[in-house]
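A.B. asks: Got a structure for you, written out below as structure tokens; questions coming shortly.
The values are calculated or read from the model by the stated rules, or taken from the named source; none is laboratory data. All values derive from a computational prediction rather than experimental measurement. Neighbour counts run over all protein chains shown; Cβ positions are idealised from the backbone, glycine included.
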Amino acid sequence: MQPIDLDAHWGDIRNQADLIVTREPALQPLIQETVLDRQSFAECLTYRLARKLVNHAASINVLHDVFIEAFSNEPIILTNIASDMIAVYERDPACPDALTPLLYFKGFQALVCYRVAHHLWNHDRQELALYLQSLISETFAVDIHPAAQIGCGILLDHATGFVAGETTVIESNVSILHEVTLGGTGKDRGDRHPKVRSGVLLGAGAKILGNVEIGECAKVGAGSVVLKDVPPHTSVAGVPAVIIGKASEVSPALGMCQNFEN
């Protein structure tokens with residue numbers, strides 16, 4: 001991953017916001033309060049997402065403080081979020097710029113909120129992390145356990161129905177479509193969820209169950225059920241999934257091609 005200059009990234013976001021207001025004056029209130037009135041990238045993220053999550057049981061001030069504290073205490077979170085924004089822009093043809101995911105794409109928004117919950121989990125605030133997880137699930141229809149480990153440069157496309165269990169590991173530069181499940185296979189505790197390596201593409205509705213490894217730059221077809229390890233640079237599909245050939249690209253996650261070549 002190329003280093004990200006957060007100041008430059010924030011400047012680009014503000015420039016895109018100015019262009020949106022010029023093109024569509026009806027969105028001026030949203031853009032003004034979300035971006036143009038904010039003093040930093042962290043404040044912009046916090047303002048937008050705290051208001052998405054708030055309900056009668058959590059005050060906006062409490063959520064605001066939780067987000068700002070996480071971003072201040074662990075600045076790498078902001079770098080990871082910027083990397084996610086760029087990943088969406090580069091891989092999703094429906095995304096015209098890096099600001100759009102923050103404004104409208106719930107997969108990206110859910111991932112930002114997970115990153116805050118993960119920070120809380122790692123700093124002995126498990127109860128609050130689980131509460132934030134429940135708000136994310138209710139708001140975005142995305143259920144990521146705060147203990148799951150997720151790298152940067154992630155595209156969570158559409159996202160509805162995405163589930164990642166407690167011991168899930170997703171490395172950097174992975175693309176995941178909607179209704180993907182990274183789950184367990186029973187009631188045993190311990191390390192029981194999938195490990196998804198860098199460069200992987202997980203097709204819509206894929207179910208990967210158990211402590212199995214999806215090897216680097218592999219591709220899992222839509223609707224597949226994966227119950228055993230997938231070797232690197234291979235394509236699998238079916239119920240249960242079987243190897244159908246080599247992955248057609250060096251990095252399926254970056255190419256986003258849903259077709260298969262034997």
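A.B. asks: Being touching a Ser or Thr at 6+ places or on another chain (Cβ under 9 Å) and not assigned by TED's automatic domain parsing to the domain that holds Glu90 is true for just one of Val225, Val169, Val220, Val212. Which residue is that?
C.D. replies: From the options Val225, Val169, Val220, Val212, the qualifying one is Val220.
A.B. asks: Another question, if that's okay. Restricting to segment 91-108, what's the tally of residues that are among the acidic types (Asp, Glu) and more than 15 Å from the chain's Cα centre (by Cα)?
C.D. replies: Matching residues across segment 91-108 total 1.
A.B. asks: Would you tally the residues in segment 101-110 being without any contact (Cβ under 8 Å) to a residue 60 or more places away in the chain and out of contact with any Pro (no Cβ under 9 Å at 6 or more places or on another chain)?
C.D. replies: Looking only at that region, the number is 5.
A.B. asks: OK, next. Looking only at segment 210-256, which residues are surrounded by fewer than 21 Cβ atoms within 10 Å (Cβ to Cβ) and hydrophobic (A, V, I, L, M, F, W, C)?
C.D. replies: Passing the criteria: Val212, Ala222, Val225, Leu227, Ala237, Val239, Val242, Ile243, Ile244, Val250, Leu254, Met256.
A.B. asks: Also, I was wondering about something else. Any chance segment 193-209 includes a residue that's farther than 24 Å from Cys257 by Cα and surrounded by fewer than 17 Cβ atoms within 10 Å (Cβ to Cβ)?
C.D. replies: No, that holds for no residue.
Matching residues to (1) surrounded by 18 or more Cβ atoms within 10 Å (Cβ to Cβ); (2) in the same structural domain as Asp157 (by TED's automatic domain parsing); (3) under 22 Å from Pro3 (Cβ atoms); (4) hydrophobic (A, V, I, L, M, F, W, C):
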residue	(1), (2), (3), (4)
Gln28	no, no, no, no
Gln39	no, no, no, no
Ala42	yes, no, yes, yes
Ala50	yes, no, no, yes
His64	no, no, no, no
Glu69	no, no, no, no
Val88	yes, no, yes, yes
Thr100	yes, no, no, no
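A.B. asks: Oh, and also: For Cys113, only one of the following conditions fails: (1) part of a helix (DSSP H, G or I); (2) within 12 Å of the chain's Cα centre (by Cα); (3) surrounded by fewer than 24 Cβ atoms within 10 Å (Cβ to Cβ). What is its number?
C.D. replies: (3)
A.B. asks: Something else: If you check every pair at least six apart or on different chains, which have Cβ atoms under 8 Å apart with a residue in segment 26-38 that is touching a residue at least 60 places away in the same chain (Cβ under 8 Å) first and a residue that is of a type in the set (Ser, Thr, Tyr) and part of a helix (DSSP H, G or I) second?
C.D. replies: Thr34/Tyr47
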